[in-house]
Amino acid sequence: MFTDETLDSTSVQSLWRKTQQSEQESRGCQTRTVHTAETEIQTVSTTNSCTQTESLDQGTEQHFQTDPNEPEPPGLKDFLQRVEDVVIRQLLRNAKSHAFDGFQVNWDDRSHLVSCLHYLQHHAAQERGLHVTSVSWSCTGSVIACAYGRVVQVCFFWSSINDGSWSTERSCVCTWNLDRQRLNPKQADLVIDVPTAVTALSCHPNQPALIAGGLYSGEVVVWDTSRTQDPVLALTGMSADSHREPVYQVAWVPLQKKGQFGVLSACSGGRVLLWMVDSDQGRFVLNAAYALVRQQVPHSSSIRVQGSSTVGVTSLALSPWDLDTFLVGSEAGLLLRCSFSSNTLAAGASEGQSVPLRAPAVFSFRPSSGPVHSIHCSPFHRNLFVSAGTDGLAHVHSLLQANPLLSLRVSDSYVFQVQWSPTRPLVFAAATGQGEVLIFDLGHRSLRPVATIEQGGVGQAATCLAFNCRNPNRLAVGNTNGTVGVWHLSTNLTEQSYRESIQLEEIANQVAE
């Protein structure tokens, strides 16, 4: 049988509890003391202002007050009823009248249509007697680039200096940023030394750091102003493809690939060359070549073929409306419309050129009596352009007619450059050998200059000018005294008026005599 048995109890103490208790620590954590402060703010002072009409004297106050019980003046009501129909008919007639179309009140003083903002100078060029030969605005409208060389008013636009050392005399290109806070008109922001005279200049239409230039030696160069150590990005050098005579004009031409531009150059040897810029290799690649030969120029009854076999190019203009069209002016006064797509080979051998020479001329306009110094296509009408030269006249042409539509007497001396306004369809400016820049408005019946800019002293010529497309109220003018004047144009010369485009269309539709 099983029986209960009572045994003594035994206890075992826990060593784990003692171990854990010995390792326990007490810790505490809290944020730093938060400092608070109360601040009040209010205006220092208050001002109450009010306005009211002046108090009327008793007699005037009684004169303007009407008594509702006072009878109307005799005959007033009958008069208003009698003339009501006549007044309404006249108001309707006035609403349909065009007597005051285009009329705008001019609050500007005529003497303040133009005012000088800056006279930019480069003392080193002035001390050597160098002239400003070309000016061009950057695509941002802030930077003006200026080329130095020599201009002599003789038979040709450009001429060698008197001692015959044109090939060895150094010149330069200067730039000023007019938006700088501390602009120094007597110190250029950048000076690029050039081994020979610079005859042409053109800033890139999209890249503000690139400037294309033409040299008296026949070379074409592109400078990158962001490269301060060596700004020369590309140079044609002297090769079978390059020009052998002074380059009178350079221009940036959009290529077939979107966003790319080439450089078009023209020289007195009758060649017009289209270059592609290889910035990686630092060189130019000839893309197309054109030669103007007299026997291949389309002749009208007023053109006589004589003299040299080549047509010396002195001016060049691109059409903003037709990328295949460009205009050329010559030393002999010829004015030609040309085509980039011409496939007619130029007469004579290409003399080892990598690209065959083509004859681009497709139409001849009535020639001038002397060299054509400048051509510019209208930015507001696809068929209009203006030309000027040694005859002292500005000729407004249509691409569809040989004879000019208008001829304006600008100066008794030469006209070195002419350019349409980028904002006013009927306005253009002309730089003269008498040192003046004349601004014309074709909307005025008198066809006299509406504004005149006088820059330089006696015997100084205004050699070049440039409107600013980004800041239309700025006009740059270069002078033979080595200065560049930046002029402010009033709104009367920059803001398009009513029906101005219609008036331009009427001029373009005229039939030349």
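The values are calculated or read from the model by the stated rules, or taken from the named source; none is laboratory data. Computed from a prediction, not measured in an experiment: that's the story for all the values here. Here the Cβ positions follow ideal geometry from the backbone for every residue, glycine too, while neighbour counts run over all protein chains shown. To get the accessible areas, we keep the full protein, side chains included, count just its heavy atoms, and leave off ligands, DNA and RNA. Shrake-Rupley method; radii C 1.70, N 1.55, O 1.52, S 1.80 Å.
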> Counting other Cβ atoms within 10 Å, which trypsin sites (Lys or Arg not before Pro) in the range 414-483 have at most 11 and lie in a DSSP loop?
Replying inline: 445
> What FRET efficiency do you get for residue 35 and residue 181 if R0 is 51 Å and r is their Cβ-Cβ distance, rounded to the nearest 0.05?
Replying inline: 0.75
> On average, how much accessible surface per residue is there in the range 221-282, in Å², for a 1.4 Å probe, leaving out ligands, DNA and RNA?
Replying inline: 46
> How large is log10 I(q)/I(0) at q = 0.20, 0.23, 0.33 Å⁻¹ when the Debye formula is applied to the Cα atoms of the range 463-510, each weighted equally and without solvent?
Replying inline: -0.77, -0.84, -1.10
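Say R0 is 22 Å: what FRET efficiency, to the nearest 0.05, do residue 495 and residue 117 get from their beta-carbon distance? Before the final figure, lay out each step's value.
Details: r = 19 Å, r/R0 = 0.85.
Approximately 0.75, to the nearest 0.05.
Semi-axes of the range 216-269's equivalent ellipsoid from the Cα gyration tensor, sqrt of 5 times each eigenvalue, largest first, rounded to whole Å? Provide the component values of the computation, followed by the final result.
Values: eigenvalues 80, 59, 18 Å².
Working through the eigenvalues yields semi-axes of 20, 17, 10 Å.
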> Quick one: what does P(r) look like for the range 193-308 with 10 Å bins over all Cα pairs, in whole %?
Replying inline: 13, 44, 28, 11, 4, 0
> For the range 365-435, which whole percent of the accessible surface, found with a 1.4 angstrom probe, sits on carbon and sulfur atoms?
Replying inline: 44
> Can you list the residues, at least 5 places off or on another chain, whose amide H is less than 5 Å from the amide H of residue 196, using H built in the peptide plane?
Replying inline: 171
>> Please list 3J(HN,Hα) in residue order for the range 187-204, calculated via the Karplus relation 6.51 cos²θ - 1.76 cosθ + 1.60 where θ = phi - 60°; whole Hz, with x for glycine and proline.
In response: 9, 5, 5, 9, 10, 10, 6, 10, x, 8, 5, 9, 9, 8, 8, 7, 7, 5
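Got a sec? What order do 424, 244, 271 fall in by accessible area at 1.4 Å, biggest, i.e. largest, first? Show your work: numbers first, answer last.
Details: 424 10, 244 115, 271 30 Å².
Ranked from most to least accessible, the order is 244, 271, 424.
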> Considering only protein heavy atoms, what is the solvent-accessible area of residue 3 at a probe of 1.4 Å, reported in Å² to the nearest 10?
Replying inline: 120
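Express the Stokes-Einstein translational diffusion coefficient of the range 351-482 in µm² s⁻¹, to the nearest whole number, given a Kirkwood radius over alpha-carbon pairs, 37 °C and a viscosity of 0.692 mPa s.
Details: Rh = 15.7 Å.
Rounded to a whole number, D works out at 208 µm²/s.
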> What list of whole percents do you get for P(r) of the range 380-455, with Cα-Cα distances grouped in 10 Å bins up to the one holding the largest distance?
Replying inline: 20, 55, 24, 1
>> Considering only C-alpha atoms, what is the centroid distance from the range 350-384 to the range 455-513, in Å?
In response: 23
